[in-house]
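A quick write-up on the structure given underneath.
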Amino acid sequence: MSFNVAVIKGDGIGPEIVVEAMKVIDKAVAKKGITMNYTQVLMGGASIDEHGVPLTDETLEICKNSDAVLMGSIGGNTTTSPWYQLPANLRPEAGLLALRKGLNLYANLRPAYLYEELKSACPLKPSIIENGFDMLIMRELTGGIYFGEHRTDVEDGIRVARDFLTYDENEIRRIAIKGFDAAMKRGKKVTSVDKANVLDSSRLWRKVVEDVAKDYPEVTFEHMLVDNCAMQIVYNPAQFDVLLTENMFGDILSDEASMVTGSLGMLSSASMSDGKFGLYEPSHGSAPDIAGQNIANPIATILSAAMMLRYSFDLDEEADAIEAAVKQVLAEGYRTVDIMSEGCTKVGTSEMGDLIAARI
Ligand code: IPM
Ligand code: MG
């Protein structure tokens with residue numbers, strides 16, 4: 001058996017962490033004689049440098065024709081990189097958004113789980129995380145303010161910028177179904193996040209989600225305003241199972257949720273379409289300040305690769321093996337610098353990949 005995987009190494013720490021994920025995948029699938037055919041393609045800053053645009057038609061086509069896409073992270077320093085002198089639609093992030101849209105990856109799954117071993121890296125008080133937490137952010141990924149019209153005009157001599165936030169009920173319904181389906185396989189609770197006290201799009205969100213909820217009588221369901229939710233994540237993260245959010249709220253809350261797991265470097269992410277196809281990337285950015293130093297944490301990308309095996313290829317055993325290997329390496333006290341704590345052994349990016357691969 002073999003699978004075709006398009007690989008976007010990306011910018012900053014992207015290439016370093018993706019190489020470690022590939023190392024770990026190959027080890028995990030080799031036992032059953034499964035092979036991965038990797039096709040490297042460019043997207044983001046690397047594509048701008050090579051082709052003048054962040055996403056070429058060719059990259060999009062190759063991704064479409066693959067079984068899944070594995071990605072590092074894209075983008076550079078937004079104040080110093082020349083990429084950010086370009087018009088907004090030619091910057092690295094525009095490539096990622098066009099790729100998400102072009103592949104119809106409307107469901108973004110971001111699990112935030114507290115490893116027992118990383119409790120000391122968690123910035124929350126021990127009393128708050130006593131019983132750990134395990135939440136899944138189900139973020140809508142191809143709609144909302146990210147994809148509305150963006151424009152800046154001069155009106156009456158002053159600059160005016162506008163970003164349009166639009167959701168139709170079909171977009172809301174399909175992500176809500178994904179959220180409830182996921183909850184059925186987990187803790188059977190959905191917290192739907194919105195700003196219904198201010199936004200029309202949130203009021204429609206509430207109505208449609210309430211309709212979907214009727215089909216899932218076993219799932220405990222609640223609405224929560226996004227500002228309250230941001231507070232609850234640091235006050236009592238254990239209350240959450242599935243957090244169902246629109247695009248931008250999910251972007252913000254997933255960074256928050258990842259930090260309370262100990263480090264941004266731990267949070268994986270899967271972006272899915274209707275079938276088995278998905279794009280797998282860490283939730284964190286390209287960290288250009290630490291690129292090329294072999295100190296970045298590859299675990300988020302390695303865990304994203306495990307999600308790829310599970311969701312796109314139905315290789316549950318292999319995915320379990322990768323997740324268990326990550327846990328074991330942490331239990332043995334190995335840490336990259338971002339999750340380092342007293343008494344642990346500090347390792348670099350490639351060592352962390354080697355250690356995880358060796359335990360599969
Ligand atoms: C993420 C990132 C992206 C987003 C950026 C790079 C466009 O922050 O995947 O969370 O905002 O979706
Ligand atoms: Mg983000």
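With contacts taken as Cα pairs under 8 Å and at least 6 residues apart, the chain reaches a relative contact order of 23 percent.
What does the net charge come to around CYS63 if you take all other residues with beta carbon closer than 13 Å to its beta carbon, with K and R at +1 and D and E at -1?
On the way: positive: LYS64, ARG100, LYS101; negative: ASP57, GLU58, GLU61, ASP67, GLU281.
Net local charge, CYS63 excluded: -2.
Over all other residues within a Cβ to Cβ distance under 12 Å of MET22, the charged ones net out to 0, with Lys and Arg as +1 and Asp and Glu as -1.
Two decimals is fine: what's Rg over Rh for segment 307-360, C-alpha atoms, Kirkwood radius as Rh? Please report the intermediate quantities before stating the final value.
Details: Rg = 12.5 Å, Rh = 11.8 Å.
With Rg and the Kirkwood Rh in hand, the quotient comes to 1.06.
Taking the Cα centre of the chain as reference, the dipole from Cβ charges on Lys and Arg (+1) and Asp and Glu (-1) amounts to some 460 debye.
Computed over segment 203-349, the alpha-carbon pair-distance distribution with 10 angstrom bins reads 10, 30, 36, 18, 5, 0, each value a whole percent. Summarising the strand pairing of the chain, around 40 percent of its internal DSSP beta bridges are antiparallel. Report, in whole Å, the centroid distance computed from the Cα atoms of segment 233-312 and segment 1-79. What the calculation gives is 17 Å, centre to centre.
Once every DSSP H run of n ≥ 4 in the chain is given -39500 (n - 2.57) and the sum is divided by its residues, what mean residue ellipticity at 222 nm do you get, rounded to the nearest 500 deg cm²/dmol?
Numbers: 12 runs with 136 residues, N = 360.
Using -39500 (n - 2.57) per qualifying helix, the result is -11500 deg cm²/dmol.
Take every DSSP beta bridge whose two residues both sit in segment 115-227, then give the antiparallel share in percent to the nearest 5. Just about 50 percent of them are antiparallel.
Just so you know, all these numbers are worked out from the coordinates, no wet-lab data involved. Note that this is a predicted model, so its numbers are computed, not measured. Because the Cβ atoms are built from the backbone with ideal geometry, glycine has one as well, and the counts that use them run over all protein chains shown.
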